[in-house]
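What follows is one structure encoded as structure tokens, with my remarks underneath.
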Amino acid sequence: MGSSYTNNLLQKTAKGQICKASLTLSDRFTNPQVVQLAANSGYDALFIDLEHSTLSLNDASLLCMAGLGSGITPFVRVPYQCGDGFVQRVLDGGAMGVIFPHIHNKDDALSAVSICKYPPTGKRSMTGQLPYFRLQSTPVGVFTQENNSNASSVFVMIETRESIDNVDEIASVGGIDVLLIGSNDLSTELGVPAQFKSDEFQSAVEAVSRACKKHGKVFGLAGIYENEELHDWALNKLGAGFILVQQDSGILARAGKDCANAITLLTGR
């Protein structure tokens, strides 16, 4: 039995391509039809946010299931220090990876891997049918191997000064797939909030890029939207392989404003 669903992150980055994550799905958009819109727009992955939203676990599961069916890989960001049980339920609900915010050191990174992987790699508890296997009964050996290798990507967010100080040790942890820059929190921690061209911020980002290259991890960027210069720097100069392209609310607000302004320009009123 092969993989039931493709992990676009692993497939794209293995080929040196970019995995583009869609809008940060929040409580503003809970209808699974928004997932089809993201897939139609050419995104590779969903970034479903349980850290900064009121989405429920059931909401997240519905969006994950829609992602699986649409060929767009669902990843879920969990709340900080939410507990192993919560993470396990996110994965059981259909997520193919978990995004852990505020990873400060190697121990944090080891804990993130441990709860996402089945033994012997980690300590995730066994369950019955999973969305990843289309709820079909699956031999235990296949069940654990496929989940550990393809359906439980681990993202650790680098967004504090302590994270930067420990970035090499964090990147050295086996089982981590992506070191993801949380640009707004990181720049604020460094004393340069939203100053993404500052030496302080860019030096920190470059340190993450170097650690990823050294340890064979994917370097990811989140929190900087619609900025061609900075995206070019991160993607083409630093080698980012995962990027959160825009937030749902940002896309709606910009498109809505553009449409209204177009009428104003035509009529002058």
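The values are calculated or read from the model by the stated rules, or taken from the named source; none is laboratory data. Since the structure is predicted, the reported quantities are computational estimates derived from the model, not experimental observations. No Cβ is skipped: glycine too gets one built from the backbone with ideal geometry, and neighbour counts run over all protein chains shown. Accessible surface is based on the protein model in full, side chains and every heavy atom, while ligands, DNA and RNA are left aside. Shrake-Rupley method; radii C 1.70, N 1.55, O 1.52, S 1.80 Å.
Are any of the residues in the range 104-118 charged (D, E, K, R), in a loop (DSSP other than H, G, I, E, B) and touching a Leu at 6+ places or on another chain (Cβ under 9 Å)? The answer is no; no qualifying residue exists. Restricting the search to the range 25-50, which residues are among the charged types (D, E, K, R) and either buried (at least 19 other Cβ atoms within 10 Å of the Cβ) or under 20 Å from Arg134 (Cβ atoms) (or both)? Asp44, Asp49, listed by residue number.
Taking the conditions (1) open to solvent by 10 Å² or more (accessible area, probe 1.4 Å); (2) in contact (Cβ under 8 Å) with a residue 60 or more places away in the chain; (3) in contact with a Ser or Thr (Cβ under 7 Å, 6 or more places away or on another chain) in turn, Ile18 satisfies each one other than (3).
Within this structure, Ala211 passes the test of being in a helix (DSSP H, G or I), open to solvent by less than 30 Å² (accessible area, probe 1.4 Å) and either touching a Lys or Arg at 6+ places or on another chain (Cβ under 8 Å) or more than 21 Å from Asp177 (Cβ to Cβ) (or both). For the range 127-162, taking the residues that are farther than 22 Å from Arg89 by Cβ and among the acidic types (Asp, Glu), the one that is surrounded by the fewest Cβ atoms within 10 Å (Cβ to Cβ) is identified as Glu162.
For the range 163-173, residues that are crowded, with 16+ Cβ neighbours inside 10 Å, assigned to a helix (DSSP H, G or I) and not polar (S, T, N, Q) total 4.
Name the pairs whose Cβ atoms lie under 9 Å apart, with the first residue in the range 177-197 and over 20 Å from Arg210 (Cβ atoms) and in contact (Cβ under 8 Å) with a residue 60 or more places away in the chain, the second of a type in the set (A, V, I, L, M) and open to solvent by less than 60 Å² (accessible area, probe 1.4 Å), and 6 or more positions between them or separate chains? Pairs found: Asp185/Met157. Residue count for the range 174-195 under the criterion of being buried (at least 22 other Cβ atoms within 10 Å of the Cβ) and over 25 Å from Gln247 (Cβ atoms): the result is 0.
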